[in-house]
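Below is one structure, written out as structure tokens; comments come after it.
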Amino acid sequence: MAVLEVRNVKKVFGDNVILRGIDLDVQKGDVIVILGPSGSGKTTLLRCLNFLETAESGTLTLAGKTIDLATRDRKDIAFVRGATAMVFQSYNLFANLTAIQNVTEALIYAKKMPRKEAYQLGLELLDKVGLADKAQSYPKDLSGGQKQRVGIARAIAVNPDLLLLDEPTSALDPELVGEVEKVIEQLASEGRTMLVVTHEMALARRISSNVIFMENGSIVEQGTPEKLFNRPEQQRTEEFLRRYHGEE
């Protein structure tokens, strides 16, 4: 069953064409990883799908509802953000709220969940990401990896149909990457439907059901991780992967 269908998404910044008509399908339980060099349009695509950027054209169909990305209204935005959740590169936690408050905020105010029930669920989710002992800590007292894990707990708290992860480890020190990757792998193993932008090739291979390689705002190639990593059809894909494998 298709959770998300994206058709002909185009995005322009000034004279720069960032997305050149992207088509994408995400089935329930898929973990689709988007790879590509910096500036290829990966993050912009996620931001257009969550209305953090406005596309010049294109449609998305989510949970059976089709929305024009260029002419969407407040109800459309609320619908999409109610069915999806995003994990950002830079955590985007509320600095004045504790970890548990960051996780429960949307449950209480957007989902209208009773505060006591939300608090209990928040504790369970913090425990799930290995941070039960940090529930009352503020973001300033957390490491980068801990902040990102709070961000993941916050995202899955609303039980989204689709989880969007935008370079979830890119802002982390190398020694903290593993703790966040472990949580992402756990979510993938649970059957969470995810669209993940990352530069972490090993993570992409472990978690993905399908891999997309983008460059210059277009999808160059896509396929299973086994096919794309081991037998890419496009020379540009092979060159990109070779560089990441440390080969000349």
**OP:** Highest first, please rank the peptides 67-79, 15-27 by the mean number of other Cβ atoms sitting within 10 Å of their residues.
**Re:** 15-27, 67-79
**OP:** Report the Stokes-Einstein translational diffusion coefficient (µm² s⁻¹, integer) for region 55-105, Rh taken as the Kirkwood radius over Cα pairs, at 10 °C with viscosity 1.306 mPa s.
**Re:** 121 µm²/s
Original post:
For the peptides 6-12, 102-108, what is the packing order when you average, over each peptide's residues, the other Cβ atoms within 10 Å and list the highest mean first?
Top reply: 102-108, 6-12
**OP:** May I ask you to rank Tyr138, Tyr109 by accessible area, largest first, using a 1.4 Å probe over the protein chains only?
**Re:** Tyr109, Tyr138
Original post:
At Thr59 and Leu97, where each label point lies 7 Å from the Cα along Cα→Cβ, what is the point-to-point distance in nanometres?
Top reply: 3.5 nm
Original post:
By how many nm would the segment from Arg20 to Gln136 lengthen if fully extended, with 0.36 nm per residue of separation less the alpha-carbon distance?
Top reply: 37.3 nm
Subject >> Label zone at Glu226 (point 7 Å along Cα-to-Cβ), backbone N below 11 Å, region 182-204 >> reply: none
Subject >> For region 158-205: accessible area per residue (Å², 1.4 Å) >> reply: 38 Å²
Original post:
What lysines could a cross-link reach from Lys128, if we take a straight Cα to Cα line under 19 Å and drop same-chain neighbours fewer than 8 places away?
Top reply: Lys116, Lys147, Lys182
Original post:
How much length is gained if the chain between Arg74 and Lys112 is pulled fully straight, taking 0.36 nm per residue apart and subtracting their Cα-Cα distance, in nm to one decimal?
Top reply: 11.8 nm
**OP:** Calculate I(q)/I(0) for region 202-246 by the Debye formula, one identical point scatterer on each C-alpha and no solvent, and give its log10 at q = 0.15, 0.26, 0.33 Å⁻¹ to two decimals.
**Re:** -0.33, -0.99, -1.34
**OP:** Over region 1-114, average the accessible area per residue using a 1.4 Å probe and give it in Å², no decimals.
**Re:** 47 Å²
**OP:** Only Cα pairs under 8 Å and at least 6 apart count here; give the relative contact order of region 167-248 as a rounded whole percent.
**Re:** 19 percent
Original post:
Just from the alpha-carbon atoms, what are the Rg and Dmax of region 32-132 in angstroms?
Top reply: 16.3, 45
Subject >> Estimated 222 nm signal from helices in the chain, with DSSP H stretches of n ≥ 4 weighted -39500 (n - 2.57), rounded to 500 >> reply: -11500 deg cm²/dmol
**OP:** Determine the gain in length on full extension of the stretch Arg236-Glu185; use 0.36 nm per residue of separation and subtract their C-alpha separation, reporting nm with one decimal.
**Re:** 15.6 nm
Original post:
How do 88-94, 182-188 rank on mean C-beta neighbours within 10 Å, highest first?
Top reply: 182-188, 88-94
**OP:** Return the inverse of the average 1/r over all pairs of distinct C-alpha atoms in region 146-207, which is the Kirkwood hydrodynamic radius, in Å to one decimal.
**Re:** 11.8 Å
**OP:** State the volume of the convex hull built on the alpha-carbon positions of region 165-248, expressed per residue in Å³ and rounded to an integer.
**Re:** 106 Å³
Original post:
Based on Cβ point charges of +1 for Lys and Arg and -1 for Asp and Glu, what charge dipole magnitude is obtained for region 159-248 about its Cα centre, in debye rounded to the nearest 20?
Top reply: 300 debye
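The values are calculated or read from the model by the stated rules, or taken from the named source; none is laboratory data. The structure displayed is predicted, hence computed values, not measured ones. Virtual Cβ from ideal backbone geometry, glycine too; neighbours counted across all protein chains shown. Side chains are part of the model used for accessible areas, which takes the heavy atoms of the whole protein and leaves out ligands, DNA and RNA. Shrake-Rupley method; radii C 1.70, N 1.55, O 1.52, S 1.80 Å.
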